[in-house]
Every structure is written in C-alpha cells, then in structure tokens.
Amino acid sequence: MTALITLTGVNKYYADYHALRDINLTINEGEFFSLLGPSGCGKTTLLRTIAGFEMPSDGVVMIGGKDMAGVPANLRPTNMVFQSYAIFPHLTVAENVAFGLRKSKEIDKQTKAKMVAEALAMVGLDGYGKRAAHALSGGQRQRVALARALILKPKVLLLDEPLSALDKKMREQMQVELIRLQRQVGITFILVTHDQEEALVMSDRIAVMFEGEIGQLADPETLYRRPNSRRVAQFIGKMNMLDATVEVVDEVIDLTVRGLGSMQIEREQAPEGGQVGSAVVGIRPETLGILFEGETTERKLVDGVVDEVVYYGDMTYYDVRIEGVEQPLNIAMKNLIGRPVLEVGAKTQVIWDERSLVLLP
Amino acid sequence: MSLRIYAIAYLLFLYAPIILLPIFAFNDATIIAFPLSGFTTNWFAELATNKSLHAAVENSLFIAVITALLSTWLGLCAARAGAMHQFPLKAGIMGFIMLPLVLPEIIVAVSLLVVVVQVLELGMSNWTIIAAHVLICTPFCIAILNGAFQNLDPSLEEAAMDLGESRFSAFRLVTLPLVMPGIIASMLIAFTISLDEFIIAFFLSGSSPTMPVYIWGLLRFPASLPVVMALGTILVAMSIILLTIAELLRRRGMARAGVKDKGGFL
C-alpha cells in the first residue's frame, strides 16, 4: 500500500478557536477512509483542508508526494461531493457532469459527450443528460454530484456527509452503491460522517475525531471491538461501562470488575496497555446474554432484574440491574423461536464472558 | 362587503389621478377641465419639437443609466458579501447601508448640497446628481439582490472551483448567471427611481435641469400644462413597462434556480 495523502502536524485556528489540533495522518491509495465524529469535531474542516478550501495554520499537507501549501482547490488532484451536492441549477445534468472538462481543451466534443454518458451510466443515470438539474430528486442529485466529480478521474474523492440529506432506505442503498463504485474506480474515497454505522459499513479505516483531534484511527472491527478510550467506545455503538480495579499487568491482566468479580483478560484486550489501579471495562450489549428457561450455557452467569424492555421486532433490548452496579446493563437479544419477551421486574440471569471485555483507561 | 368597497375606493383613489393624465394629454384644450373638447395629438407633437425639454430628457437618461449601473454594481458587492461571508459587525453594517432607504430625501439633498459646494467646492453637474442618486438607489438594489443571493447555495462557487475553475471564473460561470435576473431587475428599478427623482435633482442640478425639474418649471405656465400631461403619460407607460419587466425577470430567476417564490420585492 502506498501513501497518497500525508498530513503532518496540521493545526487550524479560527481566531481563538482551535479547530484542528496537531493532526498526523496517512491515507493510502485506493482506500475508503472515513472521518467520523460528532458535529463540531473538525472533520469537515479537515476535509476542506485536504480539498484546499481551508489552508492549515501550520503543518504540511502532501498529496501524491507534493506539498499542497499555497495550492488552491482548483489545482489539486481532489474532487468533492458537497453536503448540499451543489448541483448547478441553471445547467442540465449533462452540462453539470461536463463542467470540470471545460478546462481540457485537448478533448474534443464527441469524446466529452462520451465521457459524460459513461459517467452517468456509472452512477445509474443513463439517459438523464438532458434533464434540468433543479428538477432532480435528492438521490439523483447525489448521483449527478458523484458523476461530476468522478469524470475528472481525481486521485481522491472527498465526500462531505453525502448521505445525510437522504431518507433511511435511500441512504442504505447509496451506501452499498458507493462501496461498489469505489471498488470499480479504485480511487481513494475520504468520507466525512457523523453516522457511526455508515462509517463502519463503508470504510477500510476510520479516524474518530473529537474536539479537533483524532481519538482513534483503526479499521472498523478494531474500532468496534477494541476502542482505545471511553469517548470512542461510547460514540461507536452502545457500550456498557463497569468500574474495575486492575491488580496485575503481566502476560495477562488480573482485575476485579464491580458486579462481575475477579477475572483474567488478555493483554490485547487493553488497547492502551492497561495500568494497575482503577479503570473501566466496556462490554458490548450483544456480547452479553440472558439465560432463558430451557437454555443452557457454559459461559459465566450473574443474577439480575429486568429494569426496561425495548422491543425492536428482530431484537429485544433489555436493561438489567445486577447487584453492586448502579447503571443497568444493556443487553441485546435476538428474538429466536421459543424465546419470550421478559417483563419489567422479572428475575433473570445475565450471561457474560471476560473474552468480550475491553479495558479502558 | 364593506371591505370590498374600501378596497375598490382605495384603488380608485390611487389610480384615478393617473388615469386623468392620458385623458387630458389627448384633449384639445389648454384648460385642464371637463367636459373634454376633442381629440388631439398636438401636445405630443409639441413635445417632439421642444429643444430644452430634449436636453432635460437627455440629462435624465444619462443620469439614470449611470446611476443604475453604479448602484447595481455596489449592491451586487454588498449582497454577495452579505450572503456568502461572515464578518464582524455584519448585521450592523448591513443595516447601516440600508439606512438611506428611510432617510428623507430633502435631508440628503441639503446635506449633499453643503458637502458639494462648501466642503468639496465643486460645481453642480450631472455627476453630483448621479452621486446622490447612487446613494438613494443602492439600498433598493441591495434589497433586490439580497433576494437573488439568499436563494444561492454558497457551496456552488466552491464546487466550481473544486472542478478546476479560478475564483473569478467560478463567479462568472455559476453565480452570475444565477443572479442575472436579479441584476437586471435591480438596474431597472434604480433607473426608474433616478429618472423621476425630483428633490435631489432640484437641489443639485446646475444650469441644465433634469426632466422632473424641467416639468416643475413648465407648471408656471398654464398654457404648457397639456404638454406636461403628454410627457407624464409617456413616463407612466415607461415606468409600468420597466417594472413589469423587472418583476418578470425576478420570477424567471426564481424558477431557474428551482426555488419556491416567496413573493418578491414588488
């Protein structure tokens, strides 16, 4: 894998506001990379810095081995799909898609028309060329914006929350299409999103950002299973947090978790290494279970009382109180055949396993 | 029902005097009174031969065209800045440049007279009137162009730049065509305001009066009253045509940008 974009010590200030804090980042060729974070975390600023709409206050942005200092957006090998799509309303679909080809005088008219047709076909809009751009639906605008950016064969496609304006069904469909498109064209995609599910589904790697810094940079599975901090753990999916005391950090880690007791976990379950003293452990709701009547388990059990039941159809989410812990445990259970939906106040047993814990500093 | 009568009476009160203009412009008598004595186009013919009137109309047209261009250009800059950029004290500054809209013209006229004659020690000319007219027309232009810019997605120019265009050509290729109907509407309205503005022109015109000032001068001679009526008829017709074009263009701009019409300036 070759590095395509390298950011070194990038900072951005708006007057007193520190929007980007010492960002160091390498994005590879052909990668689907996501910048994920709550609103105001600096992810869009970072994207715009790569695009050339913002200049870093200090630090270096390199694209394809070239320093981008002083290079404006129109001269960078990047193209962007804007959150609003920014389709030019006074032009037709074909004119929109061909907009970026204006500068390429060496390409003749017929070739341009062919390129536009190909680009439209690639995003599933064959035959839409003559339509007025302002008469398109949200999903169609999105596709035009993609075709318009991809026709220039950029090294990097930047996507600023491209799916946030679509409804849920359309969003899920476009997620799959974007992945397919990225594999097809093979160029680097950088996606900005606040939707952790979207980032997990689509990305090769994800940088989670908080308050202008990168909290963790990892592939989706690592990010989900081994978050390196409480804020990452809580931002990505649901996570139960239990207080714990670490006693020994050696080949394995010995610790006592409130409500669950003493146990041993592997070193890799502590992404930040683990230190003797107080800490927290995180447990995902789907790695816990409820022992229903007639079912058996070889995993460990702890007594609990059902505090809240949320029925989702395919799943039921239970909040179960266990002794010694204030916050009830959130447990996700598949509604398999024969499983009843428990009622609030029911006494039950929670199945758990120390292999699913992650130790957080 | 009573509301309907009120509305009709209101419209009558508003437009009846204007309807009198063409009636007496074609009436074959120097005295403006009923009954009408016959149809004539003499008064229009007299207009065509009046040299000093022609000079006044020429002055007015020159002033109105330059005013329309300058105030629309200033309005364009202000509206673009207001719509696309954030800067300190923005609301205050925007309010301040809209102020001439409610400033009494006579105050503007007197203070400009003092500035031009006493402070700058310049002579009166069409240019002093143009300066004053730009001052009073610019807020109208900003108001119209604001509407055009508010419907504009600020990402559009960035998208054009992202696709390889420089900042200026992004403006030329994307923003300008989208706000063009607003620009034309703004020029037409500035032109109309300047063309029939009296108070400022009266104070600031030198030896060569503008058309409204000339008309005011004619009123001292009862015999020339029908000529004024004829001139007025032409002016009313022209105003209506220009404002209609301005409104049509504004609507076309809305349709082109694909946004819902929320009612315009007019």
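So here's what we get for this one:
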quantity: Filtered residue count, the stretch A:28-53, keeping only those that are closer than 20 Å to residue A:154 by Cα and basic (Lys, Arg); calculated: 1
quantity: Qualifying residue in the stretch B:106-117 (condition: surrounded by fewer than 17 Cβ atoms within 10 Å (Cβ to Cβ) and touching a Gly at 6+ places or on another chain (Cβ under 9 Å)); calculated: yes
quantity: Residues of the stretch B:146-168 classified as part of a helix (DSSP H, G or I) and facing chain A (nearest Cβ under 9 Å), total; calculated: 9
quantity: Lone unmet requirement of (1) touching an Asp or Glu at 6+ places or on another chain (Cβ under 6 Å); (2) buried (at least 23 other Cβ atoms within 10 Å of the Cβ) for residue A:205; calculated: (2)
quantity: Filtered residues of the stretch A:127-146 (kept if outside any loop (DSSP other than H, G, I, E, B), within 12 Å of chain B (Cβ to nearest Cβ) and touching a residue at least 12 places away in the same chain (Cβ under 8 Å)); calculated: A:132, A:133, A:134, A:141, A:144, A:145
quantity: Complete set of residues in the stretch B:46-83 that are closer than 12 Å to residue B:145 by Cβ and either surrounded by 15 or more Cβ atoms within 10 Å (Cβ to Cβ) or among the small types (Gly, Ala, Ser) (or both); calculated: B:71, B:72, B:73, B:74, B:75, B:76, B:78, B:79, B:80, B:81, B:82, B:83
quantity: Residues of the stretch B:196-210 classified as crowded, with 24+ Cβ neighbours inside 10 Å and modelled with pLDDT of 85 or more, total; calculated: 4
quantity: Flag if residue B:79 is more than 17 Å from residue B:210 (Cα to Cα), part of a helix (DSSP H, G or I) and not charged (D, E, K, R); calculated: yes
quantity: Residues (buried (at least 19 other Cβ atoms within 10 Å of the Cβ) and in a helix (DSSP H, G or I)) located in the stretch A:87-100; calculated: A:93, A:94, A:96, A:97, A:98, A:99, A:100
quantity: Selection status of residue A:268, without any contact (Cβ under 8 Å) to a residue 60 or more places away in the chain, surrounded by fewer than 20 Cβ atoms within 10 Å (Cβ to Cβ), under 31 Å from the mean Cα position of the chain (by Cα) and not assigned by TED's automatic domain parsing to the domain that holds residue A:209; calculated: yes
quantity: Residues satisfying the stated conditions in the stretch A:93-112, i.e. modelled with pLDDT of 90 or more and over 23 Å from residue B:166 (Cβ atoms); calculated: A:93, A:94
quantity: Single residue of A:84, A:104 found to be of a type outside the set (Val, Ile, Thr), assigned by TED's automatic domain parsing to the domain that holds residue A:58, under 23 Å from residue B:152 (Cα atoms) and part of a loop (DSSP other than H, G, I, E, B); calculated: A:84
quantity: Residues of the stretch A:308-355 that turn out to be basic (Lys, Arg) and in contact (Cβ under 8 Å) with a residue 40 or more places away in the chain, as a count; calculated: 3
quantity: Considering residues of the stretch A:132-145 that are under 15 Å from residue B:156 (Cα atoms) and among the hydrophobic types (A, V, I, L, M, F, W, C) only, the residue surrounded by the fewest Cβ atoms within 10 Å (Cβ to Cβ); calculated: A:133
quantity: Residue selected from the stretch A:78-103 under the condition among the charged types (D, E, K, R) and over 23 Å from residue A:63 (Cα atoms), by the criterion nearest to the other protein chains (Cβ to nearest Cβ); calculated: A:102
quantity: Residue list for the stretch A:7-56, filter: assigned to a strand (DSSP E or B), buried (at least 21 other Cβ atoms within 10 Å of the Cβ) and of a type in the set (D, E, K, R); calculated: A:12
quantity: Residue count for the stretch A:161-220, restricted to those that are aliphatic (A, V, I, L, M) and touching a Lys or Arg at 6+ places or on another chain (Cβ under 6 Å); calculated: 3
quantity: Top-ranked residue of the stretch B:112-145 - restricted to ones that are without any contact (Cβ under 8 Å) to a residue 40 or more places away in the chain and assigned to a helix (DSSP H, G or I), ranked as nearest to residue B:61 (Cα to Cα); calculated: B:127
quantity: Residues within the stretch A:154-191 that are part of a loop (DSSP other than H, G, I, E, B), acidic (Asp, Glu) and surrounded by 15 or more Cβ atoms within 10 Å (Cβ to Cβ), tallied; calculated: 1
quantity: Considering residues of the stretch A:67-77 that are surrounded by fewer than 18 Cβ atoms within 10 Å (Cβ to Cβ) and hydrophobic (A, V, I, L, M, F, W, C) only, the residue farthest from the other protein chains (Cβ to nearest Cβ); calculated: A:69
quantity: Close pairs (8 angstrom Cβ cut-off, 6 or more residues apart or separate chains): within 14 Å of residue A:35 (Cβ to Cβ) in the stretch A:154-166, among the small types (Gly, Ala, Ser) anywhere; calculated: A:157/A:149; A:158/A:51; A:162/A:145
quantity: Given (1) more than 30 Å from residue A:153 (Cα to Cα); (2) surrounded by fewer than 22 Cβ atoms within 10 Å (Cβ to Cβ), number of the condition residue B:231 does not satisfy; calculated: (2)
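Residue-wise test of (1) among the aliphatic types (A, V, I, L, M); (2) closer than 24 Å to residue B:211 by Cα; (3) outside any helix (DSSP H, G or I); (4) touching a Ser or Thr at 6+ places or on another chain (Cβ under 7 Å).
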position	(1), (2), (3), (4)
B:34	no, no, yes, no
B:43	no, yes, no, no
B:46	no, yes, no, no
B:54	no, yes, no, no
B:57	yes, yes, no, no
B:66	yes, yes, no, no
B:72	no, yes, no, yes
B:91	yes, no, no, no
B:96	no, no, no, no
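The values are calculated or read from the model by the stated rules, or taken from the named source; none is laboratory data. Predicted, not measured: the structure shown is a model, and the values here were computed from it. Glycine also receives a Cβ, built like all others from the backbone with ideal geometry; neighbour counts cover every protein chain displayed.
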